[in-house]
Amino acid sequence: MPLLRAALLTLLLALIARPALADDIDPNRLPPSLDPARHANGLALTPPMGWNSWNRFACNISEQTIRDTADAMVSSGMKAAGYQYVVIDDCWHGARDDKGFITANAKAFPHGIKALADYIHTRGLKFGIYSDAGSKTCGGRPGSQGHEFQDAQTYAGWGVDYLKYDWCSTGSRDSQEAYALMADALRATGRDIVFSLCEWGSTRPWLWAAKIGNLWRTTPDITDKWSGKHGYALGMTDIVDLNEPLWPFAGPGHWNDPDMLEVGNGGMTDTEYRSHFSLWAMMAAPLIAGNDIAAMTPGTAAILMNREVIAVDQDALGRQGRRISRQGDGEVWVRTLTDGRRAVLLFNRGDAPMRLSVDWSQLDYKPAAVLSVRDLWGHRDLGKMSKSWSAQVPAHGVSMVVLTP
Ligand code: GLA
């Protein structure tokens, strides 16, 4: 009798403990992001760096613009500073041919995309392109829906190294299915192609995209303003506030993407652009410049090519930094780096300068720890300090240091 009771109890427990699959999920056809056999492509172990045509040129692009930019990437020192991908965004397309193959707009790209990719590769850079998971791109050009494998093969034949894949005109399409399909198509080409998802955070890709792509947009489009809503786009600090809480989801090969840089496009001051660039580095964001590289000012160049800030962005640990305290307009951010170092950002959102400080205890260091403090914008060592560091931070500005035990 006790034996029977024990057996019944075991059966009951087994029934209760069985992992519940919702009725409508067929375990043989799991959503792509839950498929345990699916793996990422091993690319982008640090956040991708490069340039994209959209923020500055929108649809006014041509092979000349892209070639000039590639030349300027080399001559300005951007390439040497780590910027690698030259990405053509929307509006490069012509029509599909009678077999369904996508072509380039022959007026703007008379020599075709392959010749342009070759030109970029010859300069030691990599080449990226843009498409969309729907029937049309956001600029109304042909999308890749129904042509995924065909387009991926075309891109690979052209020498594409990076694909940004947008989300306009997708109707009722399922985002996981749509992005996984293009990821499969890219993988089937056998070429290394960084995959950039651009569904604006609308279906929370940070929860499912790590096995599908290398970066995913977390927000609506950025615009070249300090803050606020401007049509469907957001100012820089509003983008920051949406992306910051997602820090647990970033890591080598899979990054939160708070959109491309506006540094140098003229809508913010250099102080504000320094904040923009520093915040992107703290957030381990892709550093995709969006300005006219061939015509940038020395001030812009100094921001985009601050190698000490870039090194924070590219830190091999791949941990996204976060805000650890907020008092009025003042914020303290920390990012854990390799070798026990920490990057610390003091950020002043206010309209007047303010003194901000950080205690070692807020950073998981012992208060008595003696740390070397390196100023990343002043490019100088501030000496060894214990307990805390403080700085006078300009309006809309930052102070950024690396602390080394
Ligand atoms: C969307 C994307 C932008 C850009 C445009 C192009 O708005 O979010 O980054 O690619 O489309 O039309």
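What follows draws every value from the coordinates through simple rules; no lab data is involved. This is a predicted model, so every value here is computed, not measured. A quick note on method: Cβ atoms are made from the backbone with ideal geometry, for glycine too, and the neighbour counts reach across all protein chains shown.
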Please identify which residues in the stretch 342-365 have an amide N closer than 13 Å to a label point set 7 Å out from the Cα of A311, following the Cα→Cβ vector.
342-343
Potential lengthening between A302 and T122 on full extension [0.36 nm per residue; Cα-Cα distance subtracted]
62.2 nm
Assigning unit charges at the beta carbon (Lys, Arg +1; Asp, Glu -1) and nothing else, what dipole magnitude in debye, to the nearest 20, does the stretch 35-313 show about its Cα centre?
400 debye
Below 18 Å, Cα to Cα, which lysines can K164 reach? Residues fewer than 8 away in the same chain don't count.
K114, K126, K136, K211
Where Rh is the Kirkwood radius over Cα pairs, Rg/Rh for the stretch 322-404
0.95
Give the calculated FRET efficiency between S172 and Y232 to the nearest 0.05, with a Förster radius of 22 Å applied to their Cβ-Cβ distance.
0.60
R0 of 41 Å, Cβ-Cβ distance A368-L207: FRET efficiency to nearest 0.05:
0.50
According to the Cβ-distance criterion of 4.7 Å, cysteines of the chain with no possible disulfide partner are C198
Contact order relative to length of the chain, as percent, for alpha carbon pairs under 8 angstrom and 6 or more apart
13 percent
Could you list which residues have their amide H under 5 Å from that of D259, counting only those 5 or more apart in sequence or on another chain, with H placed in the peptide plane?
T218
C-alpha center-to-center spacing [the stretch 123-196, the stretch 355-378] in angstrom
44 Å
What distance in nm separates the two pseudo spin-label positions at K387 and R322, each 7 Å out from Cα along the beta-carbon direction?
2.9 nm
Calculated from backbone phi, Karplus (6.51, -1.76, 1.60) coupling profile of the stretch 308-324 in Hz, x at Gly/Pro:
6, 6, 4, 4, 5, 4, 8, 3, 5, 5, x, 8, 6, x, 8, 7, 10
Percent of Cα-Cα distances greater than 27 Å, calculated over the chain
53 percent
HN-Hα J couplings of the stretch 253-262 from phi, Karplus 6.51/-1.76/1.60, θ = phi - 60°, integer Hz, Gly and Pro as x?
x, 8, 10, 5, 10, x, 5, 7, 6, 9
